[in-house]
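The values are calculated or read from the model by the stated rules, or taken from the named source; none is laboratory data. If you're wondering where the values come from, they're calculated on a predicted model, not measured in any experiment. Cβ atoms come from the backbone with ideal geometry, glycine included; neighbour counts cover every protein chain shown.
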Amino acid sequence: MPASTALTFDVKPNQKPLAESDRLKAFENLGFGTLFSDHMAVIRWTSEKGWHSGEITARAPFPIDPASSVLHYAQEIFEGMKAYRAADGRVVLFRPEENARRFNESARRMAMPELPEQAFLDAVEKLVRIDAKWIPEGEGSLYLRPFMFASETFLGVRPSKEYIFCVIASPVGPYFKGGAKPVKIWVSENFTRAALGGTGAAKCGGNYAASLVAQAEAVEHGCDQVVFLDAAEHRWVEELGGMNVFFVMDDGSVLTPPLGGTILPGITRKSLIQLARDEGIVVEEKQYSFEEWRADAASGRLREAFACGTAAVVAGIGTVKFKGGEFQIGTGETGPVTTKLRQALVGIQRGQGNDQHGWLHPIEGI
Ligand SMILES: *Cc1c(COP(=O)(O)O)cnc(C)c1O
């Protein structure tokens, strides 16, 4: 297939979609990632044919050979994005080109084939179009999960010669059960997430596998999430298991750890930096140590902290726990700067704010 030819999708509608009454009933109690729409998008890649056999089809299991390479060597990457129903009824994606680009950065790091950005966007849009009725109204959204895995039947250690790209969709409510309540964070001093030269900047399943035992430790200590320190010195705050972190200082400035290979370049992070600067807030991408964090929380120099990502959007951090004790940030409640930035972002995503940077990507014809 010449590179200039757009990939086409065979559309095979699900013959047994979930009944509308069952769907609406399920919508009454939306969690995160438990309910799935009727369809999925699939594109296959082989070293001989490249990307081919695009389809939109009924969501169904994949037959996987036990020797499929992903099951042994974890060549797998993913993205996370949302389709929203805007205030004016349009269905919109938020900066999906950024997801397509980051997907390919992850692919390169994991020695996987890059997917043309247009094919990524087409797959996502076509899935949202066919499953538009799965987008909840109000605060909910349709969480989209594009992913790719190595599917060659082969146990040798080298990049697979076959891959499956797929997009599934899951209607979601708020990520944290407590809603907008501030979260409690556990500082992991035993486990690290990513080292220089490793895969920390790639959105790969393996990073999450490595974070789960630390997350379990957080939960044992009554916390919602874990925050990781750097692998070399166990000193610098990096990010949460699946979210970036920001600090709001008493002079009104905002600080977030710099990207540098060990931190996932979040699209929410990048957007909030821009929105804060639009508001005239000074934003520094600067290293911040756990020691400073504790001292600044005690002295009052630190006013607020929050975590951010597509799934949870913006979540205030109220309390920080670690092996030696715990401390509170500000009043322990979600602070005003956190709230303002959250509202600015959510306003744009819901089509109510001023989308001055052109971040919204409407899906026509729904
Ligand atoms: C996906 C992810 C984020 C957040 O990225 P967004 O693009 O804002 O959703 C942050 N950290 C990790 C480790 C992630 O996997």
Only one of (1) within 16 Å of the ligand (Cβ to nearest atom); (2) touching a residue at least 60 places away in the same chain (Cβ under 8 Å) fails for residue 213. Which number is that?
(2)
Being closer than 30 Å to residue 109 by Cα, more than 12 Å from the ligand (Cβ to nearest atom) and assigned to a helix (DSSP H, G or I) is the filter here, so list the residues in the stretch 253-280 that pass it.
274, 275
Here is a check on your reading of the model: is residue 237 buried (at least 22 other Cβ atoms within 10 Å of the Cβ), within 22 Å of the chain's Cα centre (by Cα), within 12 Å of the ligand (Cβ to nearest atom) and not assigned by TED's automatic domain parsing to the domain that holds residue 70?
no
Could you grab the pairs with beta carbons closer than 9 Å, sequence gap of 6+ or different chains, first residue in the stretch 196-207 and free of Cβ contacts under 8 Å to residues at least 60 places away in the same chain and under 18 Å from residue 234 (Cα atoms), second one near the ligand (Cβ under 10 Å from one of its atoms) and among the aliphatic types (A, V, I, L, M)?
207/194; 207/264
In the set 34, 46, the lone residue that is β-branched (Val, Ile, Thr), surrounded by fewer than 17 Cβ atoms within 10 Å (Cβ to Cβ) and farther than 30 Å from residue 157 by Cα is 34
Checking 119, 201, 195, 123 in turn, the sole residue that is within 15 Å of the ligand (Cβ to nearest atom) and either surrounded by 19 or more Cβ atoms within 10 Å (Cβ to Cβ) or among the charged types (D, E, K, R) (or both) turns out to be 201
Restricted to the stretch 31-68 and to residues being closer than 27 Å to residue 264 by Cα and in contact with a Phe, Trp or Tyr (Cβ under 6 Å, 6 or more places away or on another chain), the residue modelled with the lowest pLDDT is 32
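Looking at the stretch 154-207, which of the residues that are among the aromatic types (Phe, Trp, Tyr) and modelled with pLDDT of 95 or more is nearest to residue 9 (Cα to Cα)? Steps first, please.
The initial filter retains those residues of the stretch 154-207 that are among the aromatic types (Phe, Trp, Tyr), namely 154, 163, 165, 175-176, 186, 191.
Okay, now just the ones that are also modelled with pLDDT of 95 or more, so 154, 163, 165, 186, 191.
Details: 154: 28, 163: 17, 165: 13, 186: 45, 191: 43 Å.
Step by step, filter the stretch 154-207, then rank; the result is 165.
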Return only the number of the condition from (1) buried (at least 21 other Cβ atoms within 10 Å of the Cβ); (2) within 16 Å of the ligand (Cβ to nearest atom); (3) not small (Gly, Ala, Ser) that residue 283 does not satisfy.
(1)
Out of everything in the stretch 65-95 that is within 11 Å of the ligand (Cβ to nearest atom) and not aliphatic (A, V, I, L, M), what residue ends up being surrounded by the fewest Cβ atoms within 10 Å (Cβ to Cβ)?
78
